[in-house]
Structures are given as structure tokens and as C-alpha cells.
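Chemist: What follows is a single structure, and I will ask about it in a moment.
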Amino acid sequence: MPRRRGLRYAERIMRWKIVLFALLVLTPLVVVADWQVLTGSSLWLVVWLGIPVVGIVMLLIGKVSKQPQVTSFGVAVVLSGMIGAVVVRQLNLSQVEVNKALGDQVAVALEKHWDANGNYPESLEKLVPEYLEEVPVPRVGLFADAPLWYMAAERQGGCVLGYQATRDLAVMRNKDKWSAVPVPW
């Protein structure tokens, strides 16, 4: 009898090792995949929902076929999907704040140009080197940049500054306020 209890304990330990290993390997992959899909295409919802659904299917298959390793891996996939989604949301919110700060620097430089010249420059590159060392480039995701775009106006504080945050969403600054709008093109 004691031998049987020791075997169950060893099986439980093995299942938890599978879950822990899978979490450590899968979660970073999920984060990278989710973040890039979020910033690169509208397939984000498929990835975001698909990973936990695959995990649930594995969990059910493992339970029905009485394969504890498959069940354990299914649990890890579900948890990786959930943890990955939370991490990606936090990373994205953090990156949005950094990008807004970069845009605010450019907005201050634009206002300084207005004060000195009575007009806005034709392009953001005209702010270099007098008002900016270089035109900052917002990052979206891990591997992509989203260059700032800008439309001048004829009155102070009236220019529009922005960048394309995702395939379907632009972030724009107008009159000291940032807002997200659907991409018009």
C-alpha cells in the first residue's frame, strides 16, 4: 500500500513539473505572439482567445483519455494564455504612455517653433536640431516602429500630431489631449 501512495505522489510531482515547465516556456512565447499580433493585425482576438481554447481542449482530452500529462499541459496552456494576455495589456499600456511622452516633447517643440516664427514647420524634420535633437519614433510591439505624422494648422495649438498604434487604431494629439481613433485610411 505505501508503494502505491508514493507512486501517486511522484505522478503529482511530475504533473506540476510539466505545468511549471510549460508555463515558463509558453508564457513568454504567448506574450510575444499576442503583442505582435495586437500591433500588427486584427487577428489578435483569434490568438488571444485561441490559446486558452486550445488549452481547454487539451485539458478535456487529457481528462477523457485519462492522460494526466496532457491534462497538465492543457492547464499550463490555459494559464499561459491568461497570464500572457495580462502581461501584454500592461506592456501595451506602458508603451502607450512612453509614446505619449515622446509626442508631448514634439508638441512642445512645435509650440516653441510657433512662438519663434509665427507658424508651424512644414515637417517635423524642420524642428531638428534647433528644437529637437532628433524626431522621436514611437515603438509599437517589440519589433515595430510607428513614425509620427503631423498636420500643421494656421493657429497656435491647432496642429495635429499622431501615430498608428495598431493596424486599425491611431493615437492623435490635438490641443494637449491624446485620443485613440479608428484609422481613417
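Chemist: Name every residue in segment 89-101 that is buried (at least 16 other Cβ atoms within 10 Å of the Cβ) and without any contact (Cβ under 8 Å) to a residue 60 or more places away in the chain, in order of residue number.
Modeler: Selection gives ASN92, GLN95.
Chemist: Let me ask another. Taking segment 114-141 as the region of interest, how many residues are aliphatic (A, V, I, L, M) and either outside the structural domain of LEU169 (by TED's automatic domain parsing) or within 30 Å of GLY84 (Cα to Cα) (or both)? It would help to see each step written out before you state the result.
Modeler: Applying the first criterion (aliphatic (A, V, I, L, M)) to segment 114-141 yields 116, 124, 127-128, 132, 135, 137, 140.
Pick out the ones that are also either outside the structural domain of LEU169 (by TED's automatic domain parsing) or within 30 Å of GLY84 (Cα to Cα) (or both) and you get 137, 140.
Summing the residues that are aliphatic (A, V, I, L, M) and either outside the structural domain of LEU169 (by TED's automatic domain parsing) or within 30 Å of GLY84 (Cα to Cα) (or both) in segment 114-141 gives 2.
Chemist: Go through segment 154-168 and give me each residue that's modelled with pLDDT under 85, surrounded by 14 or more Cβ atoms within 10 Å (Cβ to Cβ) and not β-branched (Val, Ile, Thr).
Modeler: Correct list: CYS159, GLN164, ALA165, ARG167.
Chemist: Residue by residue through segment 133-185, note down the ones that are touching a residue at least 60 places away in the same chain (Cβ under 8 Å) and charged (D, E, K, R).
Modeler: Going residue by residue through segment 133-185, those that are touching a residue at least 60 places away in the same chain (Cβ under 8 Å) are 140-144, 163, 165-168, 171, 173, 176, 178.
Of everything in segment 133-185, those that are touching a residue at least 60 places away in the same chain (Cβ under 8 Å) and charged (D, E, K, R) turn out to be ARG167, ASP168, ARG173, ASP176.
The values are calculated or read from the model by the stated rules, or taken from the named source; none is laboratory data. All of these numbers come straight from a predicted model, not from anything done at the bench. Positions of Cβ are backbone-derived with ideal geometry, glycine not excepted, and every protein chain shown enters the neighbour counts.
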